[in-house]
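So the structure is just underneath, and the comments pick up after that.
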Amino acid sequence: MAALAGDAWAAVRMSPGSLRLAVPAGRSLTLLVRSCTLSAATALLCLAIGTAAALVLLAVPTRLRWLRMAVIVPVIVPPYLHAVAWMRTAEGLRVLLRRAGLALPPFQGFGAALWVQVMVYAPLMASVALAAWSMVDPLLVDAGLVQGSSHRVLRRVILPLMLPVLAAGTLLVFVLCMGDLSVPSLFSVNTYALEMYARFSASGRTADVTLLAVPVVLLCLAALTPAMRSLATVLSTPSAREGAVASAWRAAGAVRAGALFGAVVLGVDAAGLCGSLLAGAQGATWAAVLDALPQASVSLRTAGGACLVSLVLALAAGPLVAAGNRSARWTAAFLLVPLALPGPLAGTGASLAGVLAGGLWKTVAPSLLLAFRFGPFACLMTGARLARLDSATTEAGRLFERRRGDYVRRIWLPTLGPVLLAALLLVAILGIGEVSGTLLVMQPGQQPLALAIYNYLHYGGSGTVSALCLVLLAGLLALMVPALFLWNRGWRRA
Amino acid sequence: MIACADIGVSAGGRNILSGVTLALADGQRVVLMGPSGAGKTTLLRVLAGLLAPEEGTVTVSGRQASVAGRVLVPPSQRSIGFVFQSAALWPHMTVAQNVLYGLADLPRREAQERMRQALAACRVEALAERLPQQLSGGEQRRVALARAIAPRPRHLFMDEPLTSLDSDLKGELLNLVTGVIAADATAVLYVTHEEDEARAVGGTRLYLAGGRLGSQT
């Protein structure tokens, strides 16, 4: 960030006219409006579908609880994997319809990008809605049911109580869409994030990208600031709190139909994702998959480095976030900035810092970039957990400590450890799937798996791509399962 | 009249209610006593339609309202007022809005009048525009009572409404509760494990222990 700011400042001093880049006009204004429209439409559709699906998932009986996970797991799937799956599904549909004498337009453009983005982020919104519901006191819902119908309780009690968290989730989806270039680029939709990447690729002038990014960063900061408190609450909520099922409320009538539709859409996405990748991978050979091992190793190494840096960040910033005073607010505000920075801009910053520092920096830049982008999540999760530590427990731990280090080893670490590990696994999951920033900092011959898939996609899908996607998906799932387990275990100890 | 017969509810392999039969006639007062974890709240939830029994039936005014595994008549159609153990006031609504919630099917003017009457009866009319978090614990309990009585339900369920209050406040609120009950012909099912509350409310006393119901000796 410092490198970007310094570079932009120097450019403005040399040529004050370059400041005009920061004011959208003409083509850049058109792109900004398109990006905002795409992101806002995605966020609102995700809100509707995610919330509707959550209403169904809440009502599933205990023995079918795994359905929640099955529908929500696509949260960890990177956007371009969804894009591959839907490209294949649409192509299959086109072939089928052609046989029936019907012509379907190509799956390209704004509509296709919107559809895929909704599929990407709807599971995230469903998770947010489930978290929002778990924060609603079941007794408040039951109190409503005694005096009003199911619809009235939803409208007057449940939705207003869930609103802050739902709004935070919607704003987060908006910000994530604004910064992502992978889906729009695969569907030939020119957006502002893509323009930033294209400008850097074409001219190599980092200051131009920084100045160009100013409106997007301001927009994203404006969107994230009101969402911050709710976002921290969401991150501090265990994923499977039982209180949520205690209320007698059930969706009825039209609400139930809408909720079922939302759940079906998520189910279709999850099934389509796995189905199309499995079908597509049948043409691949084991040799092709084995060839990708070096790339998988780069991914793991880079994500591992990001986890180490994030661990240091979380241990340093977590207690500050948890303090609940002015420093907590400042720390939280500071952590917002990386979240508001579009991927290409963060990548440009890391690349510029590499040019300035040289040597070792170029080797560690990808890990530092991932830690910069996703480390704030680890800090917020750690802070949220620390904030909920029972002060009496910690004081008792210190009071009864007989050997130096006992408190840290036997009280602090077991209490915080699972959540910290879950947070680091989340960083790894997000880091392994990231392309928007790493696209600009990876060294030749050091291509991670995600980038390899993304590059392959531009040359058209193939069995190898599907097989690589499956390898990536399996890797992410292997990280997510222990992350969820640790997260819940950490909170059970709360 | 609200009644239940042979109600059975279990959770985690443990019987919470077993063969419970109870009838609450119009205007009758019943005090349900028993130790913590005896199933008192569960029984209220079954009667209110917030929980379907695993066995047995619930009838409201002679009409089958719940059968094993199903709630046939939703809670809002059972003419029930419910005062929960915690005040359970909706934090995003003012006191007035909390009370007006249950009066939505009345004409606006009449609903406003009923709301004012209920708040006055519970001596909280001056707090109408406040949010629940701006009220003290005692004031919240008063508002919860006002919300429950405002629609003039035929049955009023009170689930340990004075729990975790200090003794002075408890005495004051107990007077209010008994006054409100006496002023209405509402049937009252009052859950408590405090002897002084049971004595003040009066009426029939039932004892629930180990999921089974009996008269207290």
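The values are calculated or read from the model by the stated rules, or taken from the named source; none is laboratory data. Remember, predicted model here, so these are calculated numbers, not experimental data. Positions of Cβ are backbone-derived with ideal geometry, glycine not excepted, and every protein chain shown enters the neighbour counts. Only protein heavy atoms, including side chains, enter the accessible area calculation; ligands, DNA and RNA are left aside. Shrake-Rupley method; radii C 1.70, N 1.55, O 1.52, S 1.80 Å.
Worth pointing out:
- Here the label points at A:Asn455 and B:Arg108, each 7 Å from Cα along the C-beta direction, are separated by 6.8 nm in the simple model.
- Extreme residue, positive dipole direction of the protein assembly as shown, given options A:Leu416, A:Leu29, A:Thr363 (C-beta unit charges): A:Thr363
- Projecting the Cα atoms of B:Thr192, A:Pro294, A:Leu472 onto the charge dipole of the protein assembly as shown, computed from C-beta unit charges around the Cα centre, puts A:Pro294 farthest toward the positive end.
- R0 of 25 Å, Cβ-Cβ distance A:Arg13-A:Trp330: FRET efficiency to nearest 0.05: 0.30
- Estimated from the Cβ-Cβ distance and a Förster radius of 51 angstrom, the FRET efficiency linking B:Ala120 and A:Thr225 is about 0.70.
- Two-site FRET efficiency, A:Leu360 against A:Val268, from Cβ-Cβ distance with R₀ of 41 Å, rounded to 0.05: 0.30
- Evaluated with a Cβ-only charge set (Lys, Arg +1; Asp, Glu -1), the protein assembly as shown carries a dipole of roughly 500 debye about its Cα centre, given to the nearest 20.
- Charge tally around A:Arg404: other residues with Cβ under 13 Å, Lys/Arg +1 each, Asp/Glu -1 each, net +3.
- Residues of the range B:7-50 whose accessible area, computed with a 1.4 Å probe over protein heavy atoms, drops by at least 10 Å² once all protein chains are present relative to their chain alone are B:Arg45, B:Leu50.
- The string of couplings for the range A:27-35 from the Karplus curve (6.51, -1.76, 1.60, θ = phi - 60°) is 4, 5, 5, 4, 5, 5, 4, 5, 4 Hz, one whole number per residue in order, with x for Gly and Pro.
- Chain pair B, A: total accessible area buried, heavy atoms, 1.4 Å probe, Å²: 1700
- Whole-Å distance, taken between Cα centres, linking the range A:308-336 and the range B:79-135: 42
- Here the range A:58-158 is treated with +1 on each Lys and Arg Cβ and -1 on each Asp and Glu Cβ, and its dipole about the Cα centre works out to around 300 debye.
- A dipole drawn for chain B from +1 and -1 charges on Cβ atoms has a positive end, and of B:Pro161, B:Val67, B:Pro35 the residue lying farthest that way is B:Val67.
- Cα→Cβ-extended label distance, 7 Å offset, between A:Val95 and B:Asp26, nm: 7.2
- Using a probe of 1.4 angstrom and keeping all protein chains present, the accessible surface of the protein assembly as shown works out to 43 square angstrom per residue.
- With a simple spin-label model that places each label point 7 Å from the Cα along the Cα-to-Cβ direction, the separation between A:Ala392 and B:Thr57 comes to 4.9 nm.
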